[in-house]
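Reviewing the structure listed below.
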Amino acid sequence: MTDDQNGFGVPGPDDRAPRSLPEFPMAGPPPPVGTPPPGTLKKPGAENWPWWYALVAFVGGFIASQMGVLVIGAIWIAASGSKFDALQDDATFVVVASGVSELLFVLAAVYVARMSGGVSFVDFGFVRAPFLRTVVRVLAVLVGYFVLLAVYNELVHLTPDNAPEKLGATTGTMGMLLFAVLVAICAPIAEEVFFRGMIYRALKNGIGMWGAAIISGLLFGSLHIDSTSTERLLQVVPLVVLGIAFALLYTWTGTLYSTIALHATNNAIAVLAFAVKHDSDFGIVLAPVIWAGMMVFCAVGHKLTDPDRKQPPPEFPGGTDAVLGYPHSR
């Protein structure tokens with residue numbers, strides 16, 4: 001009761017009880033300067049990559065690879081005393097520079113992907129899909145591509161590619177080994193991660209499957225142009241078609257293991273054909289061995305990938321607190 005209620009000016013019981021002050025939110029430390037407002041940060045995960053990530057990754061990867069080759073060339077010249085003009089004829093240098101270039105493209109893709117947060121192998125397509133169905137679809141695309149290649153070859157009469165000679169495949173056993181490893185192991189993994197895992201995936205988010213497949217195929221072929229001669233440009237056309245086929249196969253199967261397997265198979269066949277043409281017994285044995293190893297790699301990797309994401313997949317260097325992937329059945 002208040003003093004008005006008891007009439008004696010004596011505070012009532014309610015007036016003597018302490019009154020709680022209104023609560024205000026505690027002020028935390030201010031965010032760092034330049035921090036975007038809440039809700040404006042991009043979400044991690046490949047399904048959230050904007051289309052322009054593909055452009056940034058391609059340009060950044062190209063610049064990084066060229067800078068890497070220049071650095072290796074400078075070191076090579078300083079160590080061997082050879083001239084810069086002679087480097088293109090040094091098969092060992094070409095193999096080393098090509099391998100470093102492949103690695104830098106992959107690192108560029110990972111760096112761009114991390115612009116929107118954490119990234120894992122799942123984001124680049126290392127997920128499990130129905131095994132037998134995937135194998136059948138890989139074989140179907142392989143046969144279809146070789147049919148188209150045979151028809152194209154009859155129309156334009158392709159000249160032999162001189163890339164094996166540039167990579168030292170004719171310089172002996174070690175040259176053939178380095179050539180086969182680069183072409184049938186390094187290239188299938190690195191190029192699939194970059195072109196299908198990043199370029200195609202980001203483009204598809206923005207312009208759809210067909211547009212992304214065509215553009216990523218054109219970019220894939222363009223990086224194999226080392227001459228503007230008519231013969232070389234005609235040789236690149238099947239690579240553009242193959243790049244489109246890789247992208248469609250990736251969507252058809254939902255896993256990057258399928259495109260790596262197809263890429264490795266195509267390149268191993270090329271190594272075998274070159275070895276047969278040049279009577280290289282070592283190459284004839286090496287090509288099937290490398291192909292079998294790549295198939296085991298794809299099968300085992302596919303088997304060890306958890307389809308339900310019950311366990312977080314292995315992460316790229318740098319880690320992430322939350323791993324977000326897109327469904328393997330997409």
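The values are calculated or read from the model by the stated rules, or taken from the named source; none is laboratory data. Note that the structure is predicted; figures quoted are calculated from it, not measured. Cβ placement follows ideal geometry from the backbone for every residue including glycine, while neighbour counts extend to all protein chains displayed. Quick note on the areas: whole protein, heavy atoms, side chains included, nothing else; ligands and nucleic acids left out. Shrake-Rupley method; radii C 1.70, N 1.55, O 1.52, S 1.80 Å.
Values computed for the structure shown
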read-out: Qualifying trypsin sites (Lys or Arg not before Pro) for the range 243-310 [loop in DSSP, other Cβ within 10 Å: at most 11]; value: Lys310
read-out: Per-pair calculated FRET efficiency, R0 = 22 Å: Arg133 and Val296 via Cβ, rounded to 0.05; value: 0.70
read-out: Karplus (6.51, -1.76, 1.60) ³J(HN,Hα), θ = phi - 60°, over the range 46-52, in Hz, Gly and Pro reported as x; value: 4, 5, 9, 5, x, 4, 6
read-out: Sequence of Phe84, Phe62, Phe121 when ordered by accessible area, the most exposed leading, probe 1.4 angstrom; value: Phe84, Phe62, Phe121
read-out: Ordering of 171-183, 148-160, 290-302 by packing [mean C-beta count within 10 Å, highest first]; value: 171-183, 290-302, 148-160
read-out: Per residue accessible area in Å² of the range 168-218, where ligands, DNA and RNA are left out and the probe is 1.4 Å; value: 33
read-out: Rounded to whole Hz, the Karplus (6.51, -1.76, 1.60) HN-Hα couplings of the range 117-129, x for glycine and proline; value: x, x, 9, 10, 4, 4, 4, 8, x, 7, 10, 8, 9
read-out: Magnitude of the charge dipole, the range 195-309, Cβ model with Lys/Arg +1 and Asp/Glu -1, debye to 20; value: 360
read-out: Three-way shape call for the range 137-193 based on the alpha-carbon gyration tensor, with the a/c threshold at 1.5; value: oblate
read-out: Percent carbon-and-sulfur accessible area, the range 53-138, ignoring ligands, DNA and RNA, probe 1.4 Å; value: 73
read-out: Surface per residue (accessible, 1.4 Å probe) for the range 91-133, Å²; value: 39
read-out: Potential extension, Thr171-Ala150 segment - 0.36 nm per residue separation minus Cα distance; value: 4.6 nm
read-out: Cα gyration tensor shape for the range 211-294, rounded if a/c is under 1.5, else prolate or oblate; value: oblate
read-out: Heavy-atom accessible area order for Asp161, Asp123, Asp89, largest first, 1.4 Å probe; value: Asp89, Asp161, Asp123
